[in-house]
Amino acid sequence: MRKVLIIEDDQAMAVALSDGFNYEGYKVEVARDGAVGLKLATDRSHDLIILDVMLPKVCGLDVCKRLREGGHQTPIIMLTARGQEIDKVVGLRTGADDYVTKPFSFLELMARVEAILRRTSKHDETFDEAQFGDITLNFRNLEARKGDQPIELSPREFRILKFFLEHRGEIVTRDQLLDAVWGYDGFPLTRTVDMHIAKLRHKIEDHASDPHHIVTVHRAGYKFIG
């Protein structure tokens with residue numbers, strides 16, 4: 001039985017989500033503030049976390065950020081009543097896998113959930129380590145080095161690199177990356193891919209403005225060379 005942690009302070013929303021996931025066959029845990037949610041997410045194993053942005057004690061963005069900094073890779077879907085695009089960008093930068101703006105239908109949420117869980121179930125670690133140029137990656141331990149120096153990569157950056165490595169020399173479109181790494185087609189913020197690639201280049205390339213590994217293919221996407 002899959003386990004979901006719902007971190008939501010609004011009682012009516014928490015009950016509705018709990019009932020919906022129970023109906024879908026999930027084992028449900030509920031936290032009503034960010035501090036309790038962070039402790040449950042850290043101390044226990046879950047297949048999915050539903051995380052509200054506006055929470056008492058510790059806000060949802062900080063909960064997400066702390067979990068990712070601690071190495072937790074559990075898929076996280078963030079909920080918010082605010083629809084401004086900037087909030088979505090901040091949420092994604094903290095490591096959320098998806099973002100749903102209230103109000104939403106439970107069917108819409110479940111479609112997102114199923115897409116994310118399909119994506120994570122596909123990542124069965126066909127290889128644990130990889131090397132290109134002076135970069136060494138350990139996907140099992142989420143460790144990376146550039147030459148003799150460790151570099152910090154987020155779990156999503158590891159997923160991006162793994163997808164590129166699985167498609168060496170191929171043109172990879174933004175939509176392919178969104179589907180494989182973020183988990184569903186037609187992601188509303190397609191430039192999020194470019195933002196992540198730019199950040200990743202600064203970490204792995206000798207010169208981010210003249211990349212040798214993640215190369216832009218004009219009007220098509222990217223090609224990984226390594």
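What follows is calculated from the coordinates using simple rules that are stated; it is not laboratory data. From a predicted model like this one, the values you see are computed outputs, not experimental measurements. Ideal geometry is used to build each Cβ from the backbone, glycine not excepted, and the neighbour counts take in all protein chains shown.
Going by amide H atoms built from the backbone, whose H comes under 5 Å of the H on Leu48, apart from near neighbours? Those lying under 5 Å, H to H, from Leu48 are Lys3, Leu5. Among beta bridges identified by DSSP and lying wholly in the chain, the antiparallel ones come to about 50 percent.
What shape does the range 3-122 have by the C-alpha gyration tensor, where a ≥ b ≥ c are the square roots of the eigenvalues, rounded means a/c under 1.5, and otherwise prolate means a/b greater than b/c and oblate the rest?
Details: a/c = 1.13, a/b = 1.09, b/c = 1.04.
Because its axes are fairly even, with a/c under 1.5, the range 3-122 counts as rounded.
Farthest towards the positive end of the charge dipole of the range 129-224, among the residues Leu178, Leu200, Leu165, is the Cα of Leu178, using unit charges on the Cβ of Lys, Arg, Asp and Glu. Only lysine pairs 8 or more places apart or on separate chains count here, and in the chain those with Cα atoms under 15 Å apart total 9.
Given Cβ point charges of +1 (Lys, Arg) and -1 (Asp, Glu) and nothing else, what value in debye, to the nearest 20, does the dipole of the chain about its Cα centre take? All intermediate terms of the calculation are to be shown ahead of the outcome.
Values: 32 positive and 36 negative charges, 29 e Å.
The dipole of the chain has a size of about 140 debye.
Specify the longest stretch of the chain that does not include any exposed loop site, a site being one of the trypsin sites (Lys or Arg not before Pro) with a non-H, G, I, E, B DSSP assignment and at most 15 other Cβ atoms within 10 Å. In short, 83-139. Taking GluC sites (Glu not before Pro) in DSSP loop states with no more than 10 other Cβ atoms inside 10 Å as exposed sites, the chain has its longest site-free stretch at 1-124.
For the range 129-224, what does the relative contact order come out to in percent, with C-alpha contacts under 8 Å and a separation of six or more? List each step's numbers first, then the result.
Values: 114 pairs, mean separation 22.0, N = 96.
Taking the mean separation of contacting Cα pairs over the length of the range 129-224, I get 23 percent.
Inter-label distance, Ser105 to Ala35: 3.9 nm, where each label sits 7 Å from its Cα along the C-beta direction. The charge dipole of the range 3-122, taken about the Cα centre with unit charges on the Cβ atoms of Lys, Arg (+1) and Asp, Glu (-1), comes to about 380 debye, rounded to the nearest 20. With the helix formula -39500 (n - 2.57) applied to DSSP H stretches of n ≥ 4, the chain reaches a computed 222 nm mean residue ellipticity of -12000 deg cm²/dmol. Considering only Thr216, Ile7, Gln73, whose Cα is most displaced toward the positive end of the charge dipole of the chain, charges sitting on Cβ of Lys, Arg (+1) and Asp, Glu (-1)? Highest projection toward the positive end goes to Thr216.
Using the Cα centre of the range 129-175 as the reference point, and only Cβ charges (+1 on K/R, -1 on D/E), how large is the resulting charge dipole? Debye, rounded to the nearest 20. Walk me through the intermediate numbers first.
Details: 8 positive and 9 negative charges, 24 e Å.
In total the dipole reaches around 120 debye.
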